1. Limited to region 106-159, what total is found for residues that are closer than 13 Å to L74 by Cβ and of a type in the set (D, E)?
2. Among the residues of region 49-71, write down those that are of a type in the set (V, I, T) and more than 11 Å from the chain's Cα centre (by Cα).
3. Which residues, taken from region 97-133, are in contact with a Lys or Arg (Cβ under 6 Å, 6 or more places away or on another chain) and closer than 14 Å to F61 by Cα?
4. List every residue pair whose Cβ atoms lie under 7 Å apart, where the two residues are 6 or more positions apart in sequence or sit on different chains, the first residue falls within region 102-114 and is in contact (Cβ under 8 Å) with a residue 40 or more places away in the chain, and the second residue, located anywhere, is among the small types (G, A, S) and surrounded by 16 or more Cβ atoms within 10 Å (Cβ to Cβ).
5. When you scan region 119-142, do you find a residue that is at pLDDT 85 or above, part of a loop (DSSP other than H, G, I, E, B) and of a type in the set (D, E), even just one?
6. Please verify whether V67 is in contact with an Asp or Glu (Cβ under 6 Å, 6 or more places away or on another chain), at pLDDT 90 or above and within 22 Å of A19 (Cα to Cα), treating the condition exactly as stated.
7. With the requirement that a residue be without any contact (Cβ under 8 Å) to a residue 12 or more places away in the chain and assigned to a helix (DSSP H, G or I), what does region 66-92 give you?
Amino acid sequence: MRCPFCGSPDTQVKDSRPAEDNTAIRRRRICPDCAGRFTTFERVQLRELMVVKKTGRKVPFDRDKLVRSFEIALRKRPVDRDRIERAVSGIVRRLESSGETEIPSEELGIQVLEALKALDDVGFVRYASVYRDFTHIEDFSQVISEVNARIARDITKDE
């Protein structure tokens, strides 16, 4: 692993441990040349995933971009970072185990919406407003009605 500070090609691993719900290995590293310390994460990648955009353009799947989407939707909301990581890891596992190497962006968006619905209603509405390209206030009311109907179903199911 190349040092991000000085570019030295050799770094030493000082500590390794499981991270993120045991889906990654966290490694603390040190550079023998500049004594810089940094952390890396190793994940198993079953296959190279490509996201097929609505235009037909294909881009490599980016887990960090998926995490940023969750963070933007859940900004200033009381949702633990660990819950976000578990949701993202679940989506990635489902995508990798599907057997498909090309994932339509619409399918990915739907999986994010489903995960956000389980995490936080406000985050769900925020993401839906961008994903579904809301243009009128009525679009918000419709999604909020859907959320309220789901909450009512969940309450009656629990009773």
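1. Residues in region 106-159 being closer than 13 Å to L74 by Cβ and of a type in the set (D, E): 2 in total.
2. V51, V52, T55, V59, listed by residue number.
3. T101, S105
4. Cβ pairs passing all conditions: V112/S69.
5. yes
6. Here the answer is no, as V67 does not meet what is asked.
7. R68, R81
The values are calculated or read from the model by the stated rules, or taken from the named source; none is laboratory data. Quick caveat, the model's predicted, so the values are computed rather than measured. Glycine gets a Cβ as well: all are built from the backbone with ideal geometry, and neighbour counts include every protein chain shown.
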